[in-house]
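Worksheet for the structure shown next.
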Amino acid sequence: MSKAIILDKQLKKSSEIDLPQSYSEIKEHNLYLYVKSYLASLRNNSAKAKNRGEVSGGGKKPWSQKGGGRARAGSITSPVFVGGGVAHGPSNNRNYSLKINKKQKRLALEFALQQKAEMGKLYVVDSIEIESGKTKDAFNMFKTLNERSTLFVTQLSNENTFLAFRNLKDCYLADANELNAYLVAAFRSVVIEKAVFDEIVQVAK
């Protein structure tokens, strides 16, 4: 059974807490499906090329059908002409979204947390709060963990805490309602408030 590491106010290990047994039975494919769906939803879908019906011109037949010794042509908007439309070009009306149900979203998050716990990179703290609002203080918290990158998850971040973390590299502060499997998987370690952790685990019990 995987365990999350409980940190004290000095961000030192004080104890451990078990994750639900059901987390270890979740298939990795749930995380794959969620990440695929999440990244697809971020696609801008702005690539666009004009087809032969959208380029200007083409009202007159370029040359006679017969007698010129050239291939017959009906419009200069044809893709065979310079300045003509693009054949099979990209269209911005394509829908890239991939459907994923609530249960799979839940399983993906639980599997991602399970992975972090197995790596010893899932930390639980009582509170993540920077009252001063200074980036220096937030950086000191991150530096104390000695991790390459960290996702901080709070129940509801106040403005000062948000401002303190906003410009930090390799850090991200997320509210509980923003937490998802992609964010957990994208960062090397996760620091989560006890209230948020209990709420997530309670659903699996």
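The values are calculated or read from the model by the stated rules, or taken from the named source; none is laboratory data. Predicted model, so just to flag it, every value in this text is computed and none were measured. For accessibility, only protein heavy atoms count, side chains too; no ligands or nucleic acids. Shrake-Rupley method; radii C 1.70, N 1.55, O 1.52, S 1.80 Å.
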Taking the DSSP beta bridges in the chain as the whole, what percent of them are antiparallel, to the nearest 5?
25 percent
CD proxy, 222 nm, the chain: helix-only mean residue ellipticity via -39,500 (n - 2.57) per DSSP H run with n ≥ 4, per residue, nearest 500, stands at -9500 deg cm²/dmol
Looking only at lysines whose Cα falls under 21 Å of K36's and that sit 8 or more positions away or on another chain, we get K27, K99, K102, K103, K105, K116
Binning at 10 Å from 0, report for the chain what percent of all alpha-carbon pair distances ends up in each bin.
8, 26, 22, 13, 8, 9, 8, 5, 1, 0
Solvent exposure of region 44-166 as accessible area per residue, Å², 1.4 Å probe:
66 Å²
DSSP beta bridges in region 97-197 [antiparallel fraction, %, rounded to 5]
0 percent
Please give the helix 135-145 orientation as an angle from the longest Cα principal axis of the chain, in degrees from 0 to 90, rounded to the nearest 10.
70 degrees
Relative to the first principal axis of the alpha-carbon coordinates of the chain, what is the inclination of helix 102-118, with its axis defined by its Cα atoms, in degrees from 0 to 90 and to the nearest 10?
50 degrees
Within the accessible area of the chain (1.4 Å probe), percent carbon and sulfur:
48 percent
